[in-house]
Amino acid sequence: MPRALIDTTVLFAAAYRRDGTHDEALPILVGIDTADLPAVVILEYVLAETLNGLMTHAGHDAAVDFLDRIAENTRFHIDSLTADEFAAAKALFRQYERFSFVDASIVS
């Protein structure tokens with residue numbers, strides 16, 4: 001079964017109603033949930049980045065609620081990098097000044 005990799009930008013915007021792209025991002029998460037879109041992989045780094053953003057902008061309760069919803073939904077898969085992927089992410093991060101480490105991890 002195919003899975004897509006999802007980034008913080010979509011997760012945060014869908015979860016935070018005041019985000020300027022909320023109306024575009026929310027249907028993506030709904031489509032994943034209803035199986036109109038493929039199931040997704042969320043890297044642990046992406047989840048952490050999303051939760052930190054929600055804590056800052058929406059508060060602890062909103063971040064915990066989002067974490068619970070993602071963790072309980074079988075269409076969202078939280079994954080870690082393998083040792084090889086982590087090595088590749090470090091190399092990409094060192095090589096490309098504009099990459100955050102999270103972005104380098106997604107590419108790897």
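Of all residues in region 71-101, those satisfying the criterion of being in contact with a strand residue (DSSP E or B) (Cβ under 8 Å, 6 or more places away or on another chain) and either of a type in the set (G, A, S) or at pLDDT below 95 (or both) are A71, S80.
Would you mind stating whether V30 is closer than 19 Å to A104 by Cα and at pLDDT 95 or above?
Values: closer than 19 Å to A104 by Cα: no; at pLDDT 95 or above: yes.
Here the answer is no, as V30 does not meet what is asked.
Residue check: is R75 within 16 Å of D7 (Cβ to Cβ) and of a type in the set (K, R)? So R75 does not fit the description; no.
Selection of first residues in region 89-104 that are within 19 Å of E49 (Cα to Cα) and of second residues that are hydroxyl-bearing (S, T, Y) and assigned to a helix (DSSP H, G or I), restricted to Cβ pairs under 6 Å at least 6 apart or on distinct chains, gives the following pairs, ordered by first then second residue: A89/S105; V102/Y45.
Does region 86-108 include one or more residues that are within 22 Å of M1 (Cα to Cα), of a type in the set (S, T, N, Q) and surrounded by fewer than 14 Cβ atoms within 10 Å (Cβ to Cβ)? There is no residue in region 86-108 that is within 22 Å of M1 (Cα to Cα), of a type in the set (S, T, N, Q) and surrounded by fewer than 14 Cβ atoms within 10 Å (Cβ to Cβ).
Rundown of residues vs (1) in contact with a helix residue (DSSP H, G or I) (Cβ under 6 Å, 6 or more places away or on another chain); (2) at negative phi; (3) hydroxyl-bearing (S, T, Y), yes/no style:
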| site | (1), (2), (3) |
| --- | --- |
| L11 | yes, yes, no |
| Y16 | yes, yes, yes |
| E24 | no, yes, no |
| V40 | yes, yes, no |
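The values are calculated or read from the model by the stated rules, or taken from the named source; none is laboratory data. Just so we're clear, the structure is a prediction, and the values are computed from it rather than from any experiment. Here Cβ is always computed from backbone atoms with ideal geometry, including for glycine, and neighbour counts include all displayed protein chains.
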